[in-house]
1. Tell me, yes or no, whether the stretch 322-332 has at least one residue that is of a type in the set (Lys, Arg) and either surrounded by 17 or more Cβ atoms within 10 Å (Cβ to Cβ) or in contact (Cβ under 8 Å) with a residue 24 or more places away in the chain (or both).
2. For residue 205, state whether it is touching a strand residue (DSSP E or B) at 6+ places or on another chain (Cβ under 7 Å) and either surrounded by 12 or more Cβ atoms within 10 Å (Cβ to Cβ) or at pLDDT 70 or above (or both).
3. Restricting the stretch 269-311 to residues that are surrounded by fewer than 22 Cβ atoms within 10 Å (Cβ to Cβ) and hydroxyl-bearing (Ser, Thr, Tyr), which is farthest from residue 353 (Cα to Cα)?
4. Any residue at all in the stretch 100-111 that's touching a His at 6+ places or on another chain (Cβ under 8 Å) and either of a type in the set (A, V, I, L, M) or assigned by TED's automatic domain parsing to the domain that holds residue 152 (or both)?
5. As an exercise: evaluate residue 14 against (1) closer than 22 Å to residue 203 by Cα; (2) among the aliphatic types (A, V, I, L, M); (3) modelled with pLDDT of 65 or more and give the number of the one condition it does not meet.
6. Which of the residues spanning the stretch 337-390 are under 18 Å from residue 425 (Cβ atoms) and touching a helix residue (DSSP H, G or I) at 6+ places or on another chain (Cβ under 8 Å)?
7. Give the stretch 98-122 a look and list any residue that's closer than 18 Å to residue 49 by Cβ and of a type in the set (A, V, I, L, M, F, W, C), or say none.
8. Scan the stretch 210-228 and give yes if some residue there is over 28 Å from residue 386 (Cα atoms), assigned to a loop (DSSP other than H, G, I, E, B) and either within 23 Å of the chain's Cα centre (by Cα) or modelled with pLDDT under 70 (or both), otherwise no.
Amino acid sequence: MRLAIRKDSVRRRVAVAVSHLAGIGVQTTDTPQERATKTALTLAALLLGTFAGAWTLVYFWYGPTFGWVTSLVYQMSLLFALVHFARTKSFAVFRLTSLSLHLVTPIIVQVALGGFHPSSGVALWSLVAPLGAVIAYGSRESVKWFAAYLTLVGVSAAAGVGEIASGAHVPAVAVAVFFVANIGGVSAVVFLLVRFFVRERERAIRILAEQHERLADEQRRSERLLLNILPAPVAERLKQGDGIIAARLPDVSVLFADIVGFTELSERWPPEKVVVMLNSLFSAFDELADSGGLERIKTIGDAYMVAGGLHPGQPDHLAAIAEMGFAMQREAHRQSASAGFALELRIGFSVGPVVAGVIGRRKFAYDMWGDTVNTASRMESTGIAGSIQVSGAVFDRLKANFRFERRDRVSVRGKGQITTYILLGERDAAAAKEVP
């Protein structure tokens with residue numbers, strides 16, 4: 001158990017060290033794609049530099065001086081390129097330097113050792129250069145590197161007739177072993193690079209998907225906020241970038257409600273208590289509006305404005321407004337106990353055509369105008385505390401299903417003295433049938 005834990009600990013430390021070394025050229029401003037590309041090329045340089053150490057030792061042992069010197073120069077050059085990359089973060093210089101070294105050095109060593117067979121096919125390592133170019137430069141530019149690789153392989157084959165380096169005699173066993181090592185090493189490096197790059201790409205795709213999901217969440221949150229301000233059809237037009245959003249709606253019911261005695265109450269209560277009470281009451285009103293298919297238009301101080309008939313296919317919006325008026329009274333009565341104050345509402349509504357639209361650019365608001373809106377406001381302001389006052393237009397349309405009390409000679413600003421009606425409640429089914 002302890003041995004397994006120790007192995008896991010060592011493996012993690014090695015992975016952290018390799019990850020740190022491979023990321024020496026990465027900058028915080030890099031995109032995931034740039035980070036993966038830089039890390040892959042750095043990892044390739046580290047791997048090939050490590051394998052080059054084995055070349056240097058074997059070639060030094062068996063005597064081909066040019067071979068081990070070339071291998072050592074390759075290692076030192078890679079080390080210099082890595083240090084320069086870590087300090088300057090100049091990826092353009094590093095990719096050109098490292099890929100050129102990967103391309104040329106194995107070819108030189110193969111020629112020095114007398115060709116493909118005596119060198120155990122060491123030129124295969126040059127394949128790392130065009131593969132790295134695919135990652136570092138892209139598919140189009142990498143074609144040039146692959147063409148250079150094929151050209152150099154052809155040149156090395158032509159030049160490798162006989163042993164060019166004097167005294168470069170490598171035993172047959174060593175040649176066979178190095179064939180396996182070179183082919184296996186190249187295969188391992190290619191596999192590791194491709195695996196690493198694919199893993200980084202998958203990681204980048206995963207991060208991108210997470211970012212898209214967060215963006216989608218933000219978009220959904222923004223849409224919810226938008227729908228809290230605007231009716232759904234209007235919000236959709238706003239998202240589509242319509243310039244001026246305005247419409248003449250032929251049949252809309254508009255209700256106003258305010259709290260009786262609120263001004264005196266707000267002067268006596270602490271500000272926090274006033275806001276908590278209004279928030280609780282108006283939030284409950286919002287839920288009532290949603291359940292009735294109605295739209296809260298705005299609040300002004302203690303006044304609450306709601307409308308129906310903004311959505312197509314809502315013929316019963318006037319009855320829904322009437323039912324909401326009664327529900328608002330019940331809710332105010334219910335919250336009176338917790339508020340420590342007898343919350344009483346004065347409610348008024350009317351029905352008819354309105355002009356509606358969105359006003360403002362940054363702090364936009366949906367509002368409506370017209371005689372219907374003015375009449376509804378007057379029904380509230382001239383109403384009776386604890387009652388619902390409506391216009392004659394409402395009475396004419398709801399008298400079959402609701403009970404009313406007539407009020408004559410009510411003075412309404414802009415209209416003079418008119419007849420209004422106090423909405424008392426719904427008729428029972430039998431009484432509704434008797435109404436002409």
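The values are calculated or read from the model by the stated rules, or taken from the named source; none is laboratory data. It should be emphasised that the depicted structure is a prediction, and the values quoted were computed from it without experimental measurement. Please note: Cβ atoms are built from the backbone with ideal geometry, for glycine as well, and neighbour counts cover all protein chains shown.
1. No, every residue in the stretch 322-332 fails to be of a type in the set (Lys, Arg) and either surrounded by 17 or more Cβ atoms within 10 Å (Cβ to Cβ) or in contact (Cβ under 8 Å) with a residue 24 or more places away in the chain (or both).
2. On the way: touching a strand residue (DSSP E or B) at 6+ places or on another chain (Cβ under 7 Å): no; either surrounded by 12 or more Cβ atoms within 10 Å (Cβ to Cβ) or at pLDDT 70 or above (or both): yes.
Taking the combined requirement at face value, the residue does not satisfy it.
3. Once the filter is applied, the top-ranked residue is 280.
4. Residues of the stretch 100-111 that are touching a His at 6+ places or on another chain (Cβ under 8 Å), as a first pass: none.
No - not one qualifying residue is present in the stretch 100-111.
5. Every condition holds for residue 14 apart from (3).
6. Of all residues in the stretch 337-390, those under 18 Å from residue 425 (Cβ atoms) come to 344-349, 379, 383-390.
344, 345, 346, 347, 348, 349, 386, 388, 389, 390, listed by residue number.
7. Within the stretch 98-122, the subset closer than 18 Å to residue 49 by Cβ is 98-109, 122.
Those that are closer than 18 Å to residue 49 by Cβ and of a type in the set (A, V, I, L, M, F, W, C): 99, 101, 103, 104, 107, 108, 109, 122.
8. No - not one qualifying residue is present in the stretch 210-228.
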